[in-house]
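Just below is one structure, and these are the notes that go with it.
FYI, it's all coordinate maths here, none of it is from the lab. These figures come from a predicted structure and were not determined experimentally. No Cβ is skipped: glycine too gets one built from the backbone with ideal geometry, and neighbour counts run over all protein chains shown.
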Amino acid sequence: MAQIRIDELERHLSERLAPVWLVAGEELLLIDEVCRGIRAAARTAGYSERQVLHAETGSFDWSLLGAAAGNLSLFSDRRLIELRLPGGKPGVGGAQALQVYCRTPPADTLLLVICGRLDVRQRRSAWVEALSRAGLMLYTWPVSRRDFPRWITQRLLSRGLIAEREVVELLAERAEGNLLAAAQEVEKLYLLLGEGQVDLVTVRRAVVDSARYDVFDLSEAVFGGERPRVAHICRSLQGEGAEPTLVLWALARELRVIATLPALAGDARRINDLFRQHRVPKHRHSRLRQLAAGASVDAWERLLVRAAGVDRVIKGAAPGRPWDELLQLSFELAALAAAI
């Protein structure tokens, strides 16, 4: 499978353009930027005509792809056919049409297929492999929290901006999980400052908090013992209108698992059943086991009782403010987790 990374794209675009491109992934900003780069390279290479096909529903007529490839252009020697397939499921007819196209791609035509997320089965499908063999595939994987500061640094450097570590950390914190927001903040700094050094004071004044979190981000921060991040995520979730009941559920789910693990006495089958019952993702298993072994069952059960009290507040059966109670519970859990 001819698959390339984003950092290899520029080299491939500067060489002979592949006749077929498949761009897919989970980061819409990166998909858009990759496609813009391919379109620009195509224009430079003389592909001056562009035809866009939207295969967004099951009713799409796939004969249009063959017709577009077979029609002679009235205006240009070369053309770009852009096929947008957001769902990544062309169906039987679409898969066959793509494979037929890839057997003998027209010499004067460049095909760009654009998808969103493709699961493992889709990435191994016959139509994806046909596109990859005929040309190149580029999949935009999500930028992890660990890699986010490096991505921001590269983004700043691409605009001629030089930033100290504290500046990058602030940008990463304010825009965590939101690549588009981070890119917009870099553009804002470029417009404000031009090229050169970026100081922390200016960034604090200019950058808004655009981090995007869900309840599972809070759970990971809590049981990772990351107390400063816990407060930030709680404020963000509250500002976004997250339901306190859902936030409590995410915390209580893992708390119940931790409190139950010691009673299973290392029985692998029962432990796996417990994780499966509570739908705990595999990457969380080792951390929850570590927490269960690192503190007494009584300590975790006391926090379960505390969670039950928060539940009563959320339901209006006890006095208090739901988000204040959730924040306090999160801090207590994070304090215990941080010690393990």
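State to the nearest 20 debye the size of the charge dipole of the chain about its Cα centre, where the only charges are +1 on K and R beta carbons and -1 on D and E beta carbons. The partial results should precede the final answer.
On the way: 46 positive and 42 negative charges, 156 e Å.
Here the chain has a charge dipole of around 760 debye.
Picking from Val280, Ala172, Ser144, whose Cα lies most toward the positive end of the charge dipole for the chain (charges on Cβ: Lys, Arg +1; Asp, Glu -1)?
Of Val280, Ala172, Ser144, it is Val280.
So if I place +1 on the C-beta of Lys and Arg and -1 on the C-beta of Asp and Glu, and nothing else carries charge, what would the dipole magnitude of segment 92-158 be about its Cα centre? I want it in debye, nearest 20.
360 debye
Considering only Leu264, Ala221, Leu237, whose Cα is most displaced toward the positive end of the charge dipole of segment 220-290, charges sitting on Cβ of Lys, Arg (+1) and Asp, Glu (-1)?
Leu264
Report the gain in length on full extension from Arg205 to Glu15: 0.36 nm times residue separation, minus Cα-Cα distance, nm rounded to one decimal. Working shown, then result.
Details: separation 190, 0.36 × 190 = 68.40 nm, distance 4.29 nm.
Gain on extension, Arg205 to Glu15, equals 64.1 nm.
Between Gln197 and Ala318, with labels modelled 7 Å along Cα→Cβ, what's the label distance in nm to one decimal, could you check?
Output for this residue pair reads 5.4 nm.
Treating only the Cβ of Lys, Arg, Asp and Glu as charged (+1, +1, -1, -1), what charge dipole size does segment 148-206 show about its Cα centre? Round to the nearest 20 debye.
100 debye
Give me the Debye-computed log₁₀ of I(q)/I(0) at q = 0.07, 0.11, 0.15 Å⁻¹ for the chain, equal point scatterers on Cα only, no solvent, two decimals.
Those come out to -0.44, -0.91, -1.16, one per q.
For segment 215-338, what does the relative contact order come out to in percent, with C-alpha contacts under 8 Å and a separation of six or more? Write down the numbers at each step before the final one.
Working: 111 pairs, mean separation 52.6, N = 124.
Relative contact order here is 42 percent.
Looking at the calculated P(r) for segment 80-198, what percent of the C-alpha pair distances fall above 21 Å?
54 percent
In nm, to one decimal, how far is the Arg133 label point from the Ala308 one, both placed 7 Å along Cα→Cβ?
Using points 7 Å along Cα→Cβ, the separation is 6.2 nm.
Determine Rg/Rh for segment 3-140; Rg is computed over alpha-carbon atoms and Rh is the Kirkwood hydrodynamic estimate from the same atoms.
A ratio of 0.93.
Using 1/(1 + (r/R0)^6) with R0 = 25 angstrom and r between the beta carbons of Leu246 and Trp141, what's the FRET efficiency to the nearest 0.05? Please report the intermediate quantities before stating the final value.
Values: r = 27 Å, r/R0 = 1.08.
Here the calculated transfer efficiency is 0.40.
Using a/c under 1.5 as the rounded threshold, could you call segment 148-206 rounded, prolate or oblate? The axes a ≥ b ≥ c are square roots of the C-alpha gyration tensor eigenvalues, and prolate needs a/b larger than b/c, oblate otherwise.
Numbers: a/c = 1.37, a/b = 1.27, b/c = 1.07.
Cα axes put segment 148-206 in the rounded bin.
Just going by the charge dipole of segment 85-128, with Lys and Arg at +1 and Asp and Glu at -1 on Cβ, which of Ala97, Leu111, Ser125 is farthest out on the positive end?
In segment 85-128, that residue is Ser125.
Compute the distance in nm between two label points, each set 7 Å from the Cα along the Cα-to-Cβ direction, one at Arg103 and one at Val52.
Taking the two extended label points, one gets 3.1 nm.
Stretch Asp214-Glu173 to full length: gain in nm at 0.36 nm per residue minus the Cα-Cα span?
Value of the extension gain: 13.3 nm.
Under 8 Å for C-alpha pairs, at least 6 residues apart: give me the relative contact order for segment 3-140, rounded to a whole percent.
Reported as a whole number, the value is 43 percent.
Relative to the present Cα-Cα distance, how much length would full extension add between Glu301 and Glu226 at 0.36 nm per residue of separation?
24.9 nm
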